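Data block below; observations after.
Please treat every number below as a calculation from the coordinates, not as lab data. It should be emphasised that the depicted structure is a prediction, and the values quoted were computed from it without experimental measurement. We place every Cβ from the backbone using ideal geometry, glycine too, and count neighbours over all the protein chains shown.
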Amino acid sequence: MTAQNQTLEALTLELTHRAERGESEPPCSGDDRFTSESADERREVVELCSPCPIRTPCAAASRRMTHGIWAGVDKSTPSVTKTSTTRRKDTAA
């Protein structure tokens with residue numbers, strides 16, 4: 001198992017344990033803005049990560065991610081954001 005897979009597995013395990021203990025879900029759970037194609041929407045939610053109890057395993061799991069908000073950091077590459085923005089404009093026309 002790769003280091004990346006191990007960190008993703010650790011994050012999944014932490015989320016599972018929190019659910020089993022009846023603890024609240026992290027702020028990103030079910031919020032599409034964390035993975036939105038819109039940089040503006042992603043910027044809106046960065047601060048929600050600050051008090052998150054799983055921020056540390058999230059940061060570890062995010063090392064190779066290239067899109068979305070992970071532990072308060074926008075991992076989206078400019079090419080992903082630019083392509084997505086261009087695509088949205090094309091479909092709106």
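The table for this structure:
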quantity	calculated
Pair VAL46, THR66: separation of 7 Å Cα→Cβ label points (nm)	2.2 nm
Net charge over other residues, Cβ less than 10 angstrom from the Cβ of LYS75 (K, R count +1; D, E count -1)	+2
Neighbourhood net charge (14 Å Cβ-Cβ; Lys/Arg +1, Asp/Glu -1) for LEU15	-2
Cβ-derived FRET efficiency at R0 30 Å, ASP74 paired with GLU20, nearest 0.05	0.45
Cβ-based net charge around ARG43, under 10 Å, with every Lys or Arg adding one and every Asp or Glu removing one	-3
